[in-house]
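The values are calculated or read from the model by the stated rules, or taken from the named source; none is laboratory data. Just so you know, these numbers come straight off a predicted model, no measurement behind them. All Cβ positions, even for glycine, are placed from backbone atoms using ideal geometry, and neighbour counts span all protein chains on display.
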Amino acid sequence: MDNVFDVLQARGFVQQVTHPELLRQRLGTQSLTFYIGYDPTANSLHVGNLLTIMAMVHMQRAGHRPLVILGGGTAMVGDPSGKTAMRQMLTPETIAQNAQALRGQLQRYLSLDGDHGAQLLNNADWLAELKYIEFLRDIGRHFSVNRMLTFEAYKQRMETGLSFLEFNYQLLQAYDFLVLYQRHGCLLQMGGDDQWGNMVAGVDLIRRVAEGDAFALTFPLLTTASGQKMGKTAAGAVWLDAELTTHYEFYQFWMNVDDRDVSRFLRYYTLLPLEDIARLEALQGAAIRQAKEALAFAVTALTHGETAAHTAQQAARALFDGTGDLVGVPETTLSQVRLAAGVPVIDLLVETGLAASKSAARRLIQQGGATLNGTRLAQLEAVITSADLHEGALLLRAGKKHYHRVVVA
């Protein structure tokens, strides 16, 4: 399967594409420059972004050149796609700091060296210099308001209110594509399916202004088998930054995915050959855990390195199979003096992050979902002391899958 278009299709990446046969031909016969954009609205990307990153990895491995746009300019406006309300306005300083953080994360997945090395660009470099009247005359005249309002992103927001600031977003994203086409020979924009309208607008703008041919390809917007948005958990987003989501928590996210999602996620989020994935897909019953372990290890190794993946894997095996090492388990340190005086179990559940609040901790205990060193906690007024230490530590659990280790300083 030499053509990367076929690879992306076989792995489920292709949702919509302009001129699919022509794009497939181009991808099979020449090195193509393509781009994906990320607005730096946070200081870390998350698992929801990882599908688009993996598509770039496949493209680069096939000899195509990625341009990664860190949207320092478009982040000042805010993309209305998929949003029911206007995004929070960020300061230029925050956007710049976020962009720098994302740059470091993306370099883990993409090679920046060689003829096909990725380039990381900031669209503030050209958008911030625009003169408004000239932009409207040169670019805005090519856009039909009536057509813009037919795109799903704008139709949804018309019901709750769409600011004029956000209405400009499609023009700016389309202009990005035009600039990249003219300066870097970029012929393809890729992104989530909620970006289809913006991407088609860019293809059309290149045709009108530069009389050139360009392409757009979107990926499916993922939800889990249970209907939940990909990368969201009860505790919040699953971040690619280990400071926000630890190696162990990241690994466990993949171990805990619904059995029905394992096949899709192996195709999307790993570089395992399709024949290996087919063997893992054939596993049934309890053996599915082997497929989940392959998924969790592969994604964690790509994101955090093999050492972190091994540590997380050993910690998970220690907790669930009794065969590994507890080193990678999330850990909190208590002073010996404080533990000797006694710490209310309600407080400890909150401090370790196993419960979001004291009331949530009380509900957890009342529902029988909290354990200490393998014994169910039953008393809301229970106080943990040095006498509860087991092999010099405490092992708390919330529900079936969330563990936290407490050690004494």
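Somewhere in the range 56-65, is a residue β-branched (Val, Ile, Thr), part of a loop (DSSP other than H, G, I, E, B) and assigned by TED's automatic domain parsing to the domain that holds Asn198? Within the range 56-65, not a single residue is β-branched (Val, Ile, Thr), part of a loop (DSSP other than H, G, I, E, B) and assigned by TED's automatic domain parsing to the domain that holds Asn198. Determine whether Arg267 is charged (D, E, K, R) and over 16 Å from the mean Cα position of the chain (by Cα). Spelling it out, it is not the case that Arg267 is charged (D, E, K, R) and over 16 Å from the mean Cα position of the chain (by Cα). Just one of the listed residues (Val257, Val299, Val343, Val262) is buried (at least 16 other Cβ atoms within 10 Å of the Cβ) and in the same structural domain as Arg397 (by TED's automatic domain parsing), namely Val343.
Of all residues in the range 345-384, exactly one satisfies the criterion of being in contact with an Asp or Glu (Cβ under 8 Å, 6 or more places away or on another chain) and at positive phi, namely Asn373. Annotation note: of Ser31, Ser44, the sole residue that is outside any helix (DSSP H, G or I) and either surrounded by fewer than 17 Cβ atoms within 10 Å (Cβ to Cβ) or not assigned by TED's automatic domain parsing to the domain that holds His184 (or both) is Ser31.
Annotation for the range 104-126: no member residue is in a helix (DSSP H, G or I) and at pLDDT below 80.
Tell me yes or no: at least one residue of the range 287-299 is in a strand (DSSP E or B) and either closer than 21 Å to His404 by Cα or not basic (Lys, Arg) (or both). Within the range 287-299, none of the residues are in a strand (DSSP E or B) and either closer than 21 Å to His404 by Cα or not basic (Lys, Arg) (or both).
The set of residues from the range 61-103 being at pLDDT 90 or above and of a type in the set (D, E, K, R) comprises Arg61, Arg65.
Going through (1) in contact with a His (Cβ under 7 Å, 6 or more places away or on another chain); (2) crowded, with 22+ Cβ neighbours inside 10 Å one by one, Arg208 falls short only on (2).
Select from the range 387-398 the residues that are among the small types (Gly, Ala, Ser) and at pLDDT below 80 and write down the one among them that is surrounded by the most Cβ atoms within 10 Å (Cβ to Cβ). Once the filter is applied, the top-ranked residue is Ala393.
Look at (1) at pLDDT below 90; (2) crowded, with 19+ Cβ neighbours inside 10 Å; (3) closer than 24 Å to Phe13 by Cα and you find that Ala315 fails only one, number (3).
Thr218 meets all of the listed conditions (1) in a helix (DSSP H, G or I); (2) under 30 Å from Ser31 (Cα atoms); (3) modelled with pLDDT of 95 or more but one, namely (1). Restricting the range 294-322 to residues that are of a type in the set (D, E, K, R) and over 12 Å from Gln252 (Cα atoms) leaves a set whose member that is farthest from the chain's Cα centre (by Cα) is Asp321.
Any residue at all in the range 361-374 that is at pLDDT below 80, farther than 12 Å from Glu331 by Cα and not hydroxyl-bearing (Ser, Thr, Tyr)? Looking through the range 361-374, at least one residue is at pLDDT below 80, farther than 12 Å from Glu331 by Cα and not hydroxyl-bearing (Ser, Thr, Tyr).
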